[in-house]
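Just below is one structure, and these are the notes that go with it.
None of the figures in this text is laboratory data; all of them are computed from the coordinates on show. Given the structure is predicted, the values throughout are model-derived calculations rather than measurements. Cβ coordinates were reconstructed from backbone atoms using ideal geometry, including for glycine residues, and neighbour counts include every protein chain displayed.
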Amino acid sequence: MAAHEKVDVAIVGAGASGSVYAAVLAQQGKKVVVLEQGPDWKSSDLISSDIWGRRIKPAGGPFILEGKNPVSYGYQGGWGVGGAALHYFANFPRLLPNDFKMKSEHNRARDWPISYADVAPYYDKVAWDIGVSGDAKAEEPWRPAGRPYPMPPMKTFRNGRVWLKGFEAAGIRMVPAAVGMNSIEFKGRPACIYDGWCHVGCPIGALANPLVTYLGDARKAGAEVRPLSTVSRVLTNSDGTRVAGVEYYDQTKERQVQEASVVVLAAWAAQNPRILLNSATERHPKGLANANGLVGKYMMTHFASGTFAIFDDDVENHMGTTGAQYMSYDRYGKTSHKDAFGSSFIIAGTALKTSDLGGFANARLDLFGPDLHAFMKRAARGFTRIGAFGEELPNIENRIELVSDKDEFGMPRAKIIHNYDKEAEALWNANFAEGLTIAKAAGAKEAWSGRGNMPTIHLMGGTIMGTGAADSVVDSYGQSHEIPNLWVAGPGIFTTGGASNPTYTIFALSLRGAERLAANWSSVAG
Ligand SMILES: Cc1cc2nc3c(=O)[nH]c(=O)nc-3n(C[C@H](O)[C@H](O)[C@H](O)COP(=O)(O)OP(=O)(O)OC[C@H]3O[C@@H](n4cnc5c(N)ncnc54)[C@H](O)[C@@H]3O)c2cc1C
Ligand code: SF4
């Protein structure tokens, strides 16, 4: 085992949430080490090809996926520096005020310990830190006014515009989508060229991935990013009152210890609970921060209802970005759909490739041979789709547990058990039904619902925030209730999931948490 100098902060995971903590704390002069299980990707590793793009994604995980609606990796798995945000679509909707008050407004689930007003300044700050394009004024029917976005909206293409007539007929207002992409040059990073390869990472840096934003800032400020370092446990002092560092395995599978004054777990919603549960000691027999048994509980996902259509004209479906061109919160009210409960967030307009993630060759799984060939010919020019993300309410039975089986480093694997309830299914179906109405009103020649297994994307929960140790794992900043120098970041700390893609909120909450940690450094770090 190599000797490593003790650092101020050890951050586990170099993705969306970890990069923010690394930047803020390194800029405050703290000695920061980011331990990342995967490779140290560079922008030059991002090659615009579906085949090559598979190299930068996880090939699976140390998880056993169970339940009626098992969690999937496609739209959330990250591996290597940049995490999943290295190749995300950067749709940047925010949670809305109603998300924070589920219990008080609907007597369902629970309220967040903070309100929209606590997060709003951080949404604005993130937008100007990393670059968001959109029209903040146009969003005001749904949320309190804030700062304008630093860049105007992205360009639109026929694959998005062709739907507008249908949305109008349904009484749904579509506005420019807020996306973490450059509509114009921003902080020395170029404007997007609309070639639609975001899902395998943007080689030119027009997509606000961690490498070209917060992690780049962190490195400039002196943070060390240590790739191929898989953290297995958080270590504590002898009386279990403080964390002392982390145990990890390097690429030769040799055990290493990194001592640190503060540990921030930012290894994604599934890995953070796994590490906490595996860090059990005599003083913490159920795992760290888990005296109340809530670590790994209340896992939540989003489900998307995609409506697919073929139009007569050429909709230029190869053009644009994989993010959306238009968005709407007009179905975001929790009771927007009769006989269903929960928010829906609607998007339209996205570039499509032939195969792989979201490719139109996968849009008719029932077709083979000549029928598939004929479909592909029609779809190549006329295929486009819209989508509505739906909210799943937190359910304590949706959970992560360690199992006896071990991974290559000898760390117990974990199982993620996930089932949707009837309400989630009802919301999924309601969004499909509305999608078909919209497609018809838009003049689609053929339209169908993109069903299949009910999607399970954007994993959240497992280390939820709350007001106290009795009913939550961390406070609203991500500081664990049980051990003051143990922090958790990412979608795992969400109390409820809303229907908005989570990463803008992940960045905002991480910034809020990191600034708090920096401000209270001496009392937290001891
Ligand atoms: C194709 C795709 C499209 C997406 N589109 C959107 C979108 O449009 N909008 C949106 O809001 N979100 C989107 N997402 C989701 C978004 O990327 C995630 O919500 C976000 O990256 C989660 O942030 P995180 O910091 O929790 O995890 P990540 O960004 O995944 O970072 C976690 C990091 O921790 C590392 N790690 C895990 N375990 C360990 C360990 N034991 N030791 C050391 N390191 C470890 C991982 O390798 C990873 O690099 C998309 C994701 C994908 C894959
Ligand atoms: S569409 Fe724009 S953001 Fe996406 S990969 Fe191409 S240049 Fe980058």
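General observations
- Scanning residues 5 or more positions from E391 or on other chains, those with amide H under 5 Å from its amide H are S343, with H placed 1.01 Å from N in the peptide plane.
- Prolate/oblate/rounded label for segment 390-457 (Cα gyration tensor, a/c 1.5): prolate
- Separation of the alpha carbons by more than 22 angstrom is noted, of K155/K353; K125/K353; K31/K220; K253/K286; K338/K422, for K125/K353; K253/K286.
- Dipole of the chain, positive end: most advanced residue of L25, Y214, G369 [Cβ charges, Cα centre]: G369
- Max-minus-min Cα coordinates of segment 1-56 on each principal axis give 41, 30, 16 Å, with the largest extent listed first.
- Helix-only [θ]222 nm of the chain, DSSP H runs n ≥ 4, -39500 (n - 2.57) each, per residue, nearest 500: -6000 deg cm²/dmol
- Looking at segment 132-232, the pairs of alpha carbons with a distance over 18 Å make up 62% of the total.
- Crossing angle, helix 116-126 versus the chain [Cα axis fit, 0-90 degrees, rounded to tens]: 90
- 0 to 90° range, to nearest 10: angle between helix 16-27 axis and the chain longest Cα axis: 50
- If only the Cβ of Lys and Arg carry +1 and only the Cβ of Asp and Glu carry -1, the dipole of the chain around its Cα centre is close to 400 debye.
- For Y298, net neighbour charge (Lys/Arg +1, Asp/Glu -1) across residues whose Cβ lies under 12 Å away: 0
- Kirkwood hydrodynamic radius of segment 394-526, from the reciprocal of the average inverse Cα-Cα distance over all distinct pairs: 18.1 Å.
- Here the contact order of segment 360-434, divided by its residue count and restricted to Cα pairs under 8 Å and six or more residues apart, works out to 23 percent.
- Other residues whose C-beta falls under 13 angstrom from the C-beta of H418 contribute a net charge of -1, scoring Lys and Arg +1 and Asp and Glu -1.
- Hull volume in cubic angstrom per residue (convex hull over the Cα atoms of segment 2-525): 136
- Beta bridges per DSSP, both residues in the chain: antiparallel share near 70 percent.
- Length-normalised contact order for segment 2-525 - Cα pairs under 8 Å, 6+ apart - percent: 24
- The local environment of E446, defined by Cβ-Cβ distances under 14 Å, has a net charge of +3 under the rule Lys, Arg +1 and Asp, Glu -1.
- For segment 77-156, the fraction of C-alpha pairs farther apart than 19 angstrom is 51 percent.
- Percent breakdown of C-alpha pair distances by 5 Å bin, ordered from the shortest bin, for segment 294-390: 3, 12, 18, 19, 15, 13, 11, 6, 3, 1, 0
- Sorted by Cβ neighbour density within 10 Å, fewest at the top, the residues R108, R158: R108, R158
- Computed from Cα atoms, the angle from the helix 369-382 axis to the main principal axis of the chain rounds to 90 degrees.
- Interatomic Cα distance distribution for segment 252-319, bins of 10 angstrom, percent: 14, 30, 20, 12, 13, 10, 2
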